[in-house]
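The values are calculated or read from the model by the stated rules, or taken from the named source; none is laboratory data. For clarity, every value in this text was computed on a predicted model and none was experimentally measured. Neighbour counts run over all protein chains shown; Cβ positions are idealised from the backbone, glycine included.
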Amino acid sequence: MSAAHDFWSSLILLVLILDPFGNMPVFLAVTRQLHPRRRAWVTLRESAIAYLVLLGFMAGGQRFLDLLGLRQASLQVAGGVILLLVAIKMIFSTSEAMFSEQDLRDPLIFPLAVPLLAGPSALAAVLLLSSGDMHHVALRIGALSAAMALTAMLLLVAERLARLVGDAVMRAAEKLMGLIVSAIAVNMLLEGVRAYFLGH
């Protein structure tokens with residue numbers, strides 16, 4: 001796989017998993033009581049925290065696998081299963097109900113940074129990326145940085161975007177992303193099974 005292809009495939013995968021369009025309703029609901037300037041600060045702060053968490057998992061991913069004695073193929077299968085579950089949730093449900101009962105006056109880390117952005121699926125994805133070709137680690141860190149920057153930018157304009165396109169279009173975009181994620185998940189699962197039995 002070429003360096004450019006590795007970067008773009010990693011970037012697309014991470015953007016789909018971070019799911020900025022699907023998370024916009026939650027961000028708006030969580031920060032609706034905040035002043036616009038405070039809302040922007042909270043969005044940037046929580047995005048930065050999520051980025052550091054994911055970066056930590058990416059940096060220590062291979063050591064974590066070695067410590068547990070796991071093969072990359074096993075991680076691919078597990079990641080494929082998790083992504084498939086996430087995709088099903090994106091397609092058939094909404095994310096707004098996840099934190100409706102929480103105290104959301106000024107959220108710190110929970111629920112926006114973790115688990116909304118740096119959730120199980122994102123952690124599994126960066127762990128999987130970190131277990132690949134070590135020569136492309138810098139490219140994958142760049143892909144993670146670009147994906148998180150894009151996600152933060154979209155969340156910053158979430159209110160204006162929601163007013164512009166409406167809830168129906170936002171939900172349709174989330175379901176479309178869910179379909180793409182499901183295809184990636186199935187491919188990851190099949191590749192993991194193939195690698196496991198062929199010993200690659």
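What the table shows:
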| read-out | value |
| --- | --- |
| Residue check, M188 farther than 13 Å from G79 by Cβ, crowded, with 21+ Cβ neighbours inside 10 Å and either modelled with pLDDT of 90 or more or in contact with a Gly (Cβ under 6 Å, 6 or more places away or on another chain) (or both) | no |
| Residue match in region 47-58 (condition: in a helix (DSSP H, G or I), crowded, with 17+ Cβ neighbours inside 10 Å and at pLDDT below 90) | yes |
| Subset of region 30-46 [in a helix (DSSP H, G or I) and either of a type in the set (S, T, N, Q) or surrounded by fewer than 17 Cβ atoms within 10 Å (Cβ to Cβ) (or both)] | T31, P36, R37, R38, A40, W41, T43, L44, R45 |
| Qualifying residue in region 34-57 (condition: out of contact with any Lys or Arg (no Cβ under 7 Å at 6 or more places or on another chain), of a type in the set (G, A, S), more than 26 Å from F110 (Cβ to Cβ) and touching a residue at least 40 places away in the same chain (Cβ under 8 Å)) | no |
| Identity of the residue in region 142-172, of a type in the set (K, R) and without any contact (Cβ under 8 Å) to a residue 40 or more places away in the chain, that ends up farthest from L123 (Cα to Cα) | R163 |
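Rundown of residues vs (1) part of a strand (DSSP E or B); (2) at pLDDT below 80; (3) of a type in the set (S, T, N, Q); (4) surrounded by 16 or more Cβ atoms within 10 Å (Cβ to Cβ), yes/no style:
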{"position": "Q62", "(1), (2), (3), (4)": "no, yes, yes, yes"}
{"position": "L85", "(1), (2), (3), (4)": "no, no, no, no"}
{"position": "I88", "(1), (2), (3), (4)": "no, no, no, no"}
{"position": "R105", "(1), (2), (3), (4)": "no, yes, no, no"}
{"position": "S121", "(1), (2), (3), (4)": "no, yes, yes, yes"}
{"position": "G132", "(1), (2), (3), (4)": "no, yes, no, yes"}
{"position": "R140", "(1), (2), (3), (4)": "no, no, no, yes"}
{"position": "L155", "(1), (2), (3), (4)": "no, no, no, yes"}
